[in-house]
Number of protein chains: 2
Amino acid sequence: MTADTPTRRRGKALEQAIYQAVWDELQEVGFPKLTMEGIARRAGTSKPVLYRRWPNRKSLMIATIHHFLPGLRSLPDGGSLRADALAVLRILRERLLDVGRATILGILMESADDPRGDDELLSALVDYLKEFMEKSVFLRAVERGEIVPEQVTGRLLTLPLDLARIEFFITGDLPERSLEEIVDVAFLPALGLRPPHGTRTAG
Amino acid sequence: MTADTPTRRRGKALEQAIYQAVWDELQEVGFPKLTMEGIARRAGTSKPVLYRRWPNRKSLMIATIHHFLPGLRSLPDGGSLRADALAVLRILRERLLDVGRATILGILMESADDPRGDDELLSALVDYLKEFMEKSVFLRAVERGEIVPEQVTGRLLTLPLDLARIEFFITGDLPERSLEEIVDVAFLPALGLRPPHGTRTAG
DNA sequence: CCCTTAAGATACCGTGAGTATCTTATTGAT
DNA sequence: ATCAATAAGATACTCACGGTATCTTAAGGG
């Protein structure tokens, strides 16, 4: 199995290979069939090596997701609240689809008796986007005069994110049409705004 | 274990006892530690009896939830769109809390490779409430003149339910405060309505 | 009263998480 | 260059649990 890799990897190099193996295995067999043995096999190593680094499967999963979904740096100004909100939602979609419904549900569920790590996963996937909604999207909208600061409430901040992720959790998908509908039918109206003319709003 | 029950139960009586055992076991040990052996033990029976009735654990879980959460018959008229929407959300909360976050996530996740039964679970928990939102809540609001029929769109129909259940999925709870916030800050404004004066809207 | 049905007990298989143990390659220090 | 400490990799194990096969025996209907 390692005849062509006589070099025995260590430290970071090995860790990288393991993360990659988890990721590939996830894409190939999916979360329900993901096993530590499968990961070890694909990484060209063995189970004890995995358990020396991560205490259990869940930890390894979360670490892998962190590794492949680094934090976002900045969000370009889209010129309008609508454009900025859609941009954030598209980032969310990209990340959710990258990780996959089964994986997210699986990790959340595996946390039922031990929620440690949940926060980490959710923050990697969604929470930090709330920061963007507040710091970038809403702040700019206030500066533009689209909304007033009093409208920047917690519930409205996360409304588009919440609607998007529940749709993804249930259906496993998040089409562009849904994103626009969320913004134009729910988000903007809830802020007392109307989407620009010519924007189709599904009914 | 069955020394005090010399009678060997059959048919419906046995089935009832099994459902009850699943329910109790769920409350006591929680979904992650729920095992078929544990269920059988608590029901005073054995695994083969379970497998003669349900092909696998997931089926038994879904059947149990159906058994304890029968469909709703009617929703009394609360006098306003706001009151009716809150009523539906409170039903949703009751059911979600009854079943529990871990159980719902667990079943959804167990479906990742075989989604059969998902629909059943989701319909027992949420989907049929959409019917109520449409047939009762919105219809009455239209009759009262609070909204116009054109506002009865799919996305807005489920908006309160979606916001409520994502909050529950993530936090495992759904306080009354959240329900009111969902209705007053998101739902009614999205419909172009304002909550009545004196209604606190969290910020 | 007997015969069919199915409950309940028990033992089993397969799989996968997690661990213990041992050998050996790698690396850094001398 | 050599050697000791470290950790990789292989292997074999335990344990828990889902699911099945087999057998005995109680229930209940005719």
Round to the nearest 0.05 the FRET efficiency obtained for A:Glu37 and A:Lys12 when R0 = 25 Å and r is the Cβ-Cβ distance. 0.60
Listed highest first by mean packing, meaning other Cβ atoms within 10 Å per residue, what order do A:9-17, A:85-93 come in? A:85-93, A:9-17
With chain A treated as a Gaussian network of Cα nodes joined by springs under 10 Å, which of A:Gly106, A:Gly192, A:Gly30 yields the largest mean-square fluctuation? A:Gly192
Cα-centred dipole magnitude for segment B:73-190, charges only on beta-carbon of K, R (+1) and D, E (-1), debye, nearest 20: 300 debye
Across the protein assembly as shown, how many lysine pairs, 8 or more apart or on two chains, come within less than 15 Å at their alpha-carbon atoms? 4
Cα→Cβ-extended label distance, 7 Å offset, between B:Asp98 and A:Glu134, nm: 3.7 nm
Using a 1.4 Å probe, what is the accessible area per residue for the protein assembly as shown, in Å²? 47 Å²
Sort shortest first the distances from A:Met36 to its counterpart in every other copy, using label points 7 Å along the Cα-to-beta-carbon line, and give them in nm. 2.4
Mind checking the dipole of segment A:126-203: about its Cα centre, +1 per Lys or Arg Cβ, -1 per Asp or Glu Cβ, Debye to the nearest 20? 160 debye
Above 22 Å lies some portion of the pair distances; for segment B:73-190, what is it as a whole percent of all C-alpha pairs? 34 percent
To the nearest 100 Å², how much accessible surface do chains A and B cover up together, summed over both, with a 1.4 Å probe? 2900 Å²
Please average, across the residues of B:148-161, the number of beta carbons from any other chain that are within 10 Å of each residue's own beta carbon, and give a whole number. 3
If each label sits 7 angstrom from Cα along the C-beta direction, how far apart, in nm, is A:Arg8 from its counterparts in the other copies? 6.0
Using the Cα centre of segment A:72-190 as origin and beta-carbon charges of +1 (Lys, Arg) and -1 (Asp, Glu), tell me which of A:Leu188, A:Met109, A:Thr171 is placed farthest towards the positive end of the dipole. A:Leu188
Could you pull out every whole DSSP H run in chain B that spans at least 20 Å of Cα extent along its own axis and averages -0.5 or higher on the Kyte-Doolittle scale? B:11-29, B:81-99, B:154-171
Provide Rg over Rh for segment B:11-67; use the alpha carbon set for both Rg and the Kirkwood Rh (inverse mean inverse pair distance). 0.90
Placing +1 on each Lys and Arg Cβ and -1 on each Asp and Glu Cβ in segment B:11-67, then taking the dipole about the Cα centre, the residue among B:Tyr51, B:Ile62, B:Ile39 whose Cα reaches farthest towards the positive end is B:Tyr51
Take the protein assembly as shown, drop everything but the C-alpha atoms, weight them equally and run the Debye formula without solvent; then report log10 I(q)/I(0) at 0.07, 0.09, 0.10, 0.12 Å⁻¹ to two decimals. -0.40, -0.65, -0.78, -1.04
Note down the accessible area of A:Ser74, probe 1.4 Å, to the nearest 10 Å². 90 Å²
Pairs of alpha-carbon atoms within less than 8 angstrom and 6+ residues apart define the contacts here; what relative contact order does chain A have, in percent? 19 percent
Apply 1/(1 + (r/R0)^6) to the Cβ-Cβ distance of A:His197 and B:Leu69, taking R0 = 35 Å, and write down the FRET efficiency to the nearest 0.05. 0.20
Over segment B:11-67, what relative contact order in percent results from Cα pairs under 8 Å that are six or more residues apart? 36 percent
For the protein assembly as shown, which whole-number percentage of the solvent-accessible area (1.4 Å probe, protein heavy atoms only) is attributable to carbon and sulfur atoms? 50 percent
What is the projected area of the convex hull of the Cα atoms of chain B, averaged over all directions, in nm²? 13.8 nm²
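The values are calculated or read from the model by the stated rules, or taken from the named source; none is laboratory data. Predicted, not measured: the structure shown is a model, and the values here were computed from it. Note: ideal-geometry Cβ built from the backbone for every residue, glycine included; neighbour counts use all protein chains shown. Remember, those area values only see protein heavy atoms, side chains included, never the ligands or the DNA or RNA. Shrake-Rupley method; radii C 1.70, N 1.55, O 1.52, S 1.80 Å.
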